[in-house]
Each structure stands twice: as C-alpha cells, then as structure tokens.
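Below is one structure, written out as structure tokens, with a few remarks after it.
The values are calculated or read from the model by the stated rules, or taken from the named source; none is laboratory data. Only a predicted model underlies this, so the values are computations on that prediction, with no experimental measurement involved. Heads up, the Cβs are rebuilt from the backbone with ideal geometry, glycines too, and the neighbour counts pull from every protein chain shown.
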Amino acid sequence: MSDILLPKAFESQMIDLLGSEEFSAFKKAIDEPSQTSLRLNSAKQVELDWEKSSIPWSDQGYFLKERPSFTLDPAFHAGAYYVQEASSMFIDHILKSLEIPRGIYLDLAAAPGGKSTLLSSYLGENGLLVANEVIQSRAQILKENIVKWGLGNAIVTNNDPEHFSPLEGFFDLVLVDAPCSGEGMFRKDPQARTEWSPDHVTLCELRQKRIMDQAGALVKAGGYLIYSTCTFNEQENEDMIRFLTEEFSYEPVRIPLDSDWKIRETIVDAEGKRYFGYRFFPHLVNGEGFFITILQRSEDAFIQEPKRVKDFKHHYLKEIWDRDSAEMDRELGFEESGKYYTLNDSYFRISKDWNLHFQKLSQHVSLKYFGVELGKKQKQDWIPSHEWALSLLPKNGFPRRELSKTEALDFLRKNELELTDLPIGWVLMTYQQLPLGWVKNLGNRINNYYPKDWRIRM
Ligand code: SAM
C-alpha cells in the first residue's frame, strides 16, 4: 500500500466518473500490487518455466504468478518476449477481431516500444512499421527494443509529430499512445500521484490536441486511427474523440467485447454519430488503467501513394541498385525480397515491397534505424552486426554455439568466456537456439562483440 495520498481533486473527479461506492473499490485496487505480464514474440519461441495464465484479449499475452528477474533470463535479451502490462495488449484484440488490413503503420509516440513490437508482430512480412519517438534518448531505447524483436519490418525515427506533415494520407494505420497525466499509473508508480493536478491535466490535453491535429491528417482514406492514454479523465479521452471528429472526418468503430473482461465502453455523441471508447479500471480489469479508441478515416479523404524516384538522392544513405540487391540476397542465402542501402559503409536491408514508402519517408524524417543492419563488408568477408544476429534473417556460413544459461549470462555480462572447441572466426552465440550476439575467436583469444551499452551489470 502506498503512503502517497491521492490528490483531493482527483478523488472528486473519479467519484464523478464512478459514483462513490465504486470509487471505494477503485481506491482499494490501486493500493494492491500490480500483476506482471509479458507478450511472447511468436517469431522467437522459447520454453518459459514460470507459472503463467493467459491474457484473454491477446493470444501471445500471459500473466505471471510472480515477477522473475528478467535481466537474468538470456531469452529476454534474445527478444523472446516483451514485458508489458496487460491492458495495452488490447490492441492485439482490436487488430485481430476487426481484421484491420496490414500495410504501412505509424506509431507516433512509440518509446520504449511495447505497442510497436505488438504492431510489428501483427504486420509480419506484410507491412512496414514506422516507430517514432520525439525524445532522442528514448528513441535510442526504442531502437534497441525493435532490434531485439528482430522482425526487420520497422523503421525507427526521431521526430516531432509536426515533421510528418508532408505525409498526409500516407498511412494505413496511425497509433498515438499519447503522453498523458498518467492516472492509470498511480498503482504501478505511486510517485505519479504527486505530479497530478487539474492544471497538469489541461496541459496534457493541449499537448494531445497538438499531436492529434497532426496525427489525424496522416491516415489515408479508409485507414484507421488508434488513440490511447493511461489516464481516466474525460478531458484527455472523450474530449479528444470530440476534437478529432470536429477537425477531421472519421467514422465510428465499435470493438467486440466479452462481458467477462469488464472493460467499460463509453459512448461519445459527436457530429451526429455515436463514437466508442474503452476504459480499463484496475478494480475491474487485471491490468493498469487505460483508455483506447479507434476511428476509421472517411472514404472521401486523401490517399498519398509514394511515387517512383528516378534518381534517389539522400544526404547520408546510398542506394544499392536492384540488380546488386538481388545479388546480395543470393550471396547471403536470403529470399530475394530485399533492397539494400549503405550508411557509413554498413549495409542495411529492407523489404523491396516497401522501398518506395521508405524512400519517401527518408526525405522527410530523421532515420535512427531501418530494416536490418547487416554490418560491413571487407572484400569477401563480413563484419556482421549485432542487429543481424538478433534479426530473423539467416546467418548462413557462420557457425553457432549453443550456450548454457551460465555461459549465456557470462556472454551478456561480457565476462571472460571459456568455450572450448570453438571454431576460428565469427561464431553466433545462441541460448535455447535463439541468437544472442557474436564472438570472434582469434585462436589465442575470444573477442566478445555484445554491445558495451547493453551489457548486463547484475
Ligand atoms: N507507446 C509506448 C509503449 O507502448 O511503449 C509508450 C508511449 S508513452 C505513453 C508516450 C510517449 O510520447 C513518450 O515516449 C514521450 O516521450 C512521447 N512524447 C512526449 N511529448 C511528445 C510530443 N509532444 N509529441 C509526441 N510524442 C511525445
């Protein structure tokens, strides 16, 4: 139980929303411990030996009976799962139950990347995700999580939402998990209670409106806009639906719900239509406080398709011609579906199906990462990158060494490795068959190429 009291104005706001009887149940629930949950990466399967139960709205989501030390689980570092609170995984249900078409998606406020990894899994090989974060240091964490997830179908950008304005009508889906007043975090992070005030709520609302004013325009005709917050108040939730429907032309979308889930639907009458939002209260749902809505852009809105550029020019990217890209795919034993670029002499590969979209994006936003970075090539030899190790792309020609848990932790800590019978040269270290990174055996010494900044210090 937290000894940080709830702000009085927050209490009265919640009583208005819930009534005083239900408010007591709410207040009790936010003083109980929150439950740990994770979402599995279906492309990187492992055996988890923790006691777990399914999250009903996400087929890859599980509640854990106890919170283990994820840092000391090598599978966590291999990207086998993402630790994410359960309410957020409802996006999985939205995408699957409504069969939202795959295509080019934008997660506009993406760090640290929980929802982006979910979108990346949903898109698989049939889409491209742009995961954007405005704060540079957070964009770096986002990149790391995208690299670990390893699907190679994402671009990480570091921009203010405003910078996307030339991309009006470009995206099939835009998700904005907005920075908010965080009322839904009062249990997990009691300190958040001290930062709350009615003025802060208003400040958040104004910031959200600025973001949504940009985001609303980026969705193409027939595409979808998902808006979510981890807060309960109407100003940052229902009022945003009103704002969006006044500014743009969006149709309502209703999400099928199972009544056992106890997710509360809210209805907003706006512009002569009934729109829907969904609230997750911690006294009803086993997850943190959350709000989400989905809207569909009207068919008469604009669609922007990228055009073929005859002579692609970029100030730091160099395009590898299609014929040479196909040759590289053949040489590396990949499916011939890649388009290559170099950046600081390192090779990057993205799906050629999305190349025109990528080129268009690269003209307007600041790229932090895209597709899969393979590394550098010196004559015929590769200096393979960590990003390649963690990706799903094959690593043909490189020997592998399966590690025990103790050996894997030594590798992740960058401790001295005592591995006998290791082949000379680059060797891929694996744990439960999942790649963790590279070592280079020089014969008299083993160099550990696990990134210094990622090293575990426990
Ligand atoms: N979607 C993320 C996830 O699931 O891991 C969490 C996103 S968090 C709720 C909101 C993000 O918005 C933060 O990373 C924050 O840095 C970013 N942000 C803050 N101010 C912003 C602004 N003015 N425009 C866009 N994003 C902003």
Practice problem: Determine which member of the set Gln380, Gln363 is under 16 Å from Asp329 (Cα atoms) and of a type in the set (S, T, N, Q). | Solution: Gln380
Quiz item: Can you tell me which of Thr245, Thr293 is under 30 Å from Ile155 (Cα atoms), among the polar types (S, T, N, Q) and under 24 Å from the mean Cα position of the chain (by Cα)?
Solution: Thr293
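Look at Gly277 and say whether it is crowded, with 19+ Cβ neighbours inside 10 Å, farther than 30 Å from Gly371 by Cα, in contact with a Pro (Cβ under 8 Å, 6 or more places away or on another chain) and among the small types (Gly, Ala, Ser). So that I can check it myself, show each step before the final result.
Values: crowded, with 19+ Cβ neighbours inside 10 Å: yes; farther than 30 Å from Gly371 by Cα: yes; in contact with a Pro (Cβ under 8 Å, 6 or more places away or on another chain): no; among the small types (Gly, Ala, Ser): yes.
Answer is no for this residue.
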Quiz item: If you scan the stretch 91-107, which residues turn out to be in contact (Cβ under 8 Å) with a residue 60 or more places away in the chain and either within 6 Å of the ligand (Cβ to nearest atom) or more than 23 Å from Phe358 (Cβ to Cβ) (or both)?
Solution: Ile91, His93, Ile94, Ser97, Leu98
Quiz item: Does the stretch 79-90 hold any residues that are within 11 Å of the ligand (Cβ to nearest atom) and either without any contact (Cβ under 8 Å) to a residue 60 or more places away in the chain or of a type in the set (A, V, I, L, M, F, W, C) (or both), and which are they?
Solution: Val83, Gln84, Met89
Exercise. Could you tell me whether any residue of the stretch 15-26 is free of Cβ contacts under 8 Å to residues at least 60 places away in the same chain, in a loop (DSSP other than H, G, I, E, B) and buried (at least 18 other Cβ atoms within 10 Å of the Cβ)?
Key: no
Practice problem: Give the residues of the stretch 359-376 that are surrounded by fewer than 23 Cβ atoms within 10 Å (Cβ to Cβ) and over 20 Å from Pro435 (Cβ atoms), sorted by residue number. | Solution: Gln359, Lys360, Ser362, Gln363, His364, Val365, Ser366, Leu367, Lys368
Quiz item: Using beta carbons and a limit of 8 Å, which pairs, at least six apart or on different chains, have the first residue in the stretch 200-229 and among the acidic types (Asp, Glu) and the second one in a helix (DSSP H, G or I)?
Solution: Glu205/Asp239; Glu205/Met240; Asp213/Glu247
Quiz item: Does Leu5 satisfy being assigned to a helix (DSSP H, G or I) and farther than 21 Å from Ile141 by Cβ?
Solution: no
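In this structure, does Phe76 turn out to be more than 30 Å from Gly169 (Cβ to Cβ), free of Cβ contacts under 8 Å to residues at least 12 places away in the same chain, away from the ligand (no atom under 12 Å from the Cβ) and over 12 Å from the mean Cα position of the chain (by Cα)? Outline the logic, then answer.
Numbers: more than 30 Å from Gly169 (Cβ to Cβ): yes; free of Cβ contacts under 8 Å to residues at least 12 places away in the same chain: yes; away from the ligand (no atom under 12 Å from the Cβ): yes; over 12 Å from the mean Cα position of the chain (by Cα): yes.
Yes; evaluated as a whole, the condition is true for this residue.
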Exercise. Report the residue count in the stretch 128-152 for those that are touching a strand residue (DSSP E or B) at 6+ places or on another chain (Cβ under 6 Å) and either more than 9 Å from the ligand (Cβ to nearest atom) or within 22 Å of Ala217 (Cβ to Cβ) (or both).
Key: 8
Exercise. Could you check the stretch 153-262 for strands (runs of 3 or more DSSP E) lying wholly inside it with 1 or more residues that are hydrophobic (A, V, I, L, M, F, W, C), surrounded by fewer than 18 Cβ atoms within 10 Å (Cβ to Cβ) and away from the ligand (no atom under 12 Å from the Cβ)?
Key: 219-229
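Name the one entry in Phe248, Phe243, Phe312 that is of a type outside the set (D, E, K, R), modelled with pLDDT under 95, in contact with a helix residue (DSSP H, G or I) (Cβ under 7 Å, 6 or more places away or on another chain) and more than 19 Å from Leu17 (Cβ to Cβ). First the steps, then the outcome.
Numbers: Phe248 fails: modelled with pLDDT under 95; Phe243 fails: modelled with pLDDT under 95.
When all the criteria are applied, what remains is Phe312.
Are there strands (runs of 3 or more DSSP E) fully within the stretch 276-372 with at least 3 residues that are among the aliphatic types (A, V, I, L, M)? List them. Can you show your working first?
On the way: elements: 290-297, 338-343, 346-351, 367-370.
Passing ranges, in order: 290-297.
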Quiz item: Across the stretch 108-127, which residue is farthest from the ligand (Cβ to nearest atom) among those that are polar (S, T, N, Q) and more than 13 Å from Val174 (Cβ to Cβ)?
Solution: Asn126
Self-check item: Selection within the stretch 374-425 - under 19 Å from Thr342 (Cα atoms), charged (D, E, K, R) and without any contact (Cβ under 8 Å) to a residue 40 or more places away in the chain
Solution: Lys376, Lys377, Lys379, Asp381
